[in-house]
1. Go through segment 95-122 and give me each residue that's among the basic types (Lys, Arg) and either closer than 27 Å to ASN84 by Cβ or in contact (Cβ under 8 Å) with a residue 40 or more places away in the chain (or both).
2. Hey, does segment 58-76 have a residue that's closer than 15 Å to ARG3 by Cα and either surrounded by fewer than 20 Cβ atoms within 10 Å (Cβ to Cβ) or not small (Gly, Ala, Ser) (or both)?
3. Which residues, taken from segment 39-51, are open to solvent by 40 Å² or more (accessible area, probe 1.4 Å), without any contact (Cβ under 8 Å) to a residue 60 or more places away in the chain and in contact with a Gly (Cβ under 9 Å, 6 or more places away or on another chain)?
4. Test ALA60 against the criterion of being of a type outside the set (D, E, K, R), out of contact with any Ser or Thr (no Cβ under 7 Å at 6 or more places or on another chain), at pLDDT 95 or above and farther than 22 Å from THR107 by Cβ, and give yes or no.
5. Can you find a residue in segment 4-12 that is among the charged types (D, E, K, R) and open to solvent by 50 Å² or more (accessible area, probe 1.4 Å)?
Amino acid sequence: QVRLVESGGGLVQTGGSRRLSCTVSRSIDSVNAVGWYRHAPGRLRDLVASIANGGGTIYAEAVKGRFTISKDNANNMVYLQMNNLSPEDTATYYCHVNVREGKGWGTNNDYWGPGTQVTVSA
């Protein structure tokens, strides 16, 4: 099983910064993509940021310019640097990996961590 564990969540004041970390139980050197999603009560789980194996990144419009996704292949780590936080960023943040597995063509599978809570106070 592929296991993902997030850390780094907590309380932060408006305008503050926070860095989330995700530890992946397998190599992420050749996975399709890694990323971060977030879920707040009453809202859908939305993509925050992702980075493909080739290096291409995607950011949600709401976080563009404030958040930065990165990864450390040598240590199987994924990071999300969050700057200039606002109460609208309050959510549970989930680490995500999409990886091709199986024989032949294989199957693209999704794996998720249990989440880490980020709460931004006004």
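1. From segment 95-122, those among the basic types (Lys, Arg) are 100, 103; that's our starting set.
Correct list: ARG100 only.
2. Taking segment 58-76 first, the residues closer than 15 Å to ARG3 by Cα are 75-76.
Add one more test, that the residue is either surrounded by fewer than 20 Cβ atoms within 10 Å (Cβ to Cβ) or not small (Gly, Ala, Ser) (or both), and what stays is 75-76.
Looking for residues that are closer than 15 Å to ARG3 by Cα and either surrounded by fewer than 20 Cβ atoms within 10 Å (Cβ to Cβ) or not small (Gly, Ala, Ser) (or both), one finds at least one in segment 58-76, hence yes.
3. Narrowing segment 39-51 to residues open to solvent by 40 Å² or more (accessible area, probe 1.4 Å): 39, 41-47.
Then keep just the ones that are without any contact (Cβ under 8 Å) to a residue 60 or more places away in the chain; that gives 41-47.
Passing the criteria: only LEU47.
4. Considered against the rule, which asks whether it is of a type outside the set (D, E, K, R), out of contact with any Ser or Thr (no Cβ under 7 Å at 6 or more places or on another chain), at pLDDT 95 or above and farther than 22 Å from THR107 by Cβ, ALA60 comes out as yes.
5. Looking only at segment 4-12, we keep the residues that are among the charged types (D, E, K, R), and these are 6.
Filter again for open to solvent by 50 Å² or more (accessible area, probe 1.4 Å), leaving none.
Scanning segment 4-12 turns up no residue that is among the charged types (D, E, K, R) and open to solvent by 50 Å² or more (accessible area, probe 1.4 Å).
The values are calculated or read from the model by the stated rules, or taken from the named source; none is laboratory data. Not measured: the values here are computed from a predicted model. Glycine also receives a Cβ, built like all others from the backbone with ideal geometry; neighbour counts cover every protein chain displayed. Side chains included, ligands, DNA and RNA excluded: accessible areas come from the protein's heavy atoms. Shrake-Rupley method; radii C 1.70, N 1.55, O 1.52, S 1.80 Å.
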